[in-house]
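This report concerns only the one structure given below.
Derivation of every value follows stated rules applied to the coordinates shown; laboratory data play no part. Because the structure is predicted, anything quoted here is derived from the model rather than measured. As a convention, Cβ positions derive from the backbone with ideal geometry for all residues, glycine included, and neighbour counts pool all protein chains shown.
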Amino acid sequence: MLNLKLSHNPLIQYRPIRTSDLEVLEKIHGDLFPIRYESEFFQNVVNGRDIVSWGAVDRNRPNEKSDELIGFVTARTVLAKDSDIEEFLRYDSSRSEQTLIYILTLGVADSYRNLGIASSLIREVIKYASNIPTCRAVYLHVISYNNPAIYLYKKMSFQCVRRLSAFYFINGQHYDAYLFIYYVNGGRSPCSPFFQLEDLLERPLSKSAVANSWTTIFPRLSNSILRVQHALWMLSDFKLGNIGKPW
């Protein structure tokens, strides 16, 4: 996709953030975010101290800037038992090693917007989390007025699970935040009908308790199954050339 703000066709590549990126990383954060981060944060990022990160560069960028950051994502590993989203996880307290990946910051320089860079950086985080057997989800917070970011995360199948009142305090004013979660490695919300059914089958219950639970779970589970069946039928009809035919 050609970006009218650029005078050349960009060639975007992704790499780990390095110590040589420190100055540019600080500048882009300052340009993009209303929150000012401590120098210790940036030192931790570029040195990989408890933070994982990926950078985007434009290999066709002129003036010897082909390896200069034009986008980034930073994240860290959090123990599920120590997180603030434990209630949104199918969490087994007997497995204390279960982890999460929390996205700290994500940004793209203004002239490189709408090229899919942010989506690619998020996919790097999801791939990283998916390759950790103990990881159950990727999560993050988004300030309530950041509509482009909210749209992006929803498009990438993150679930918005809560609005947090007065989560941010910026320049003397409070702002709400949305909490987004992307489940990996079989992780899912305890509110999932599939989890409720599994939980029901695992627990010893009286007949009346089973009946009462089933009447709550079954309609939601049935709806989920019917949606999958409908999609499969539509796909089958499409392959057979039946779409649009009266039969």
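At a glance:
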{"quantity": "Peptides ranked, highest mean first, by Cβ atoms within 10 Å: ranges 139-148, 97-106", "calculated": "97-106, 139-148"}
{"quantity": "Computed E for Asn63/Lys155 - FRET, C-beta separation, R0 30 angstrom, nearest 0.05", "calculated": "0.35"}
{"quantity": "Whole-Hz couplings from phi, Karplus 6.51/-1.76/1.60, listed for segment 25-40; x for Gly and Pro", "calculated": "4, 4, 5, 5, 4, x, 6, 9, 10, x, 8, 9, 8, 5, 4, 4"}
{"quantity": "Global geometry of segment 95-191, whether rounded, prolate or oblate, following the gyration tensor of its Cα atoms and the 1.5 cut on a/c", "calculated": "oblate"}
{"quantity": "10 Å-binned pair-distance histogram of segment 42-100 (Cα, whole percent)", "calculated": "20, 30, 26, 14, 9, 1"}
{"quantity": "Highest average packing first - 60-70, 167-177, Cβ atoms within 10 Å", "calculated": "60-70, 167-177"}
{"quantity": "Relative contact order, percent, segment 1-113 [alpha-carbon distance under 8 Å, six or more residues apart]", "calculated": "28 percent"}
{"quantity": "Out-of-range pairs (alpha-carbon distance over 21 Å; input Lys27/Lys127; Lys5/Lys65; Lys5/Lys127; Lys5/Lys154; Lys5/Lys155)", "calculated": "Lys27/Lys127; Lys5/Lys127; Lys5/Lys154; Lys5/Lys155"}
{"quantity": "Ratio of the Cα radius of gyration of segment 1-150 to 2.2 N^0.38 Å, where N counts its residues", "calculated": "1.12"}
{"quantity": "Residues with amide H under 5 Å from that of Ala109, placed H, sequence gap 5 or more", "calculated": "Gly71"}
{"quantity": "Glu97-Asn147 pseudo-label distance in nm [points 7 Å out on the Cα-to-Cβ vector]", "calculated": "4.6 nm"}
{"quantity": "Interchain or long-range residues, amide H under 5 Å from Glu68's placed H", "calculated": "Asp58"}
{"quantity": "Approximate spin-label separation Glu87-Gln43, in nm, with each point projected 7 Å along Cα-to-Cβ", "calculated": "3.7 nm"}
{"quantity": "Counted charge near Ser20, where neighbours are those whose Cβ lies closer than 11 Å (Asp, Glu -1; Lys, Arg +1)", "calculated": "-3"}
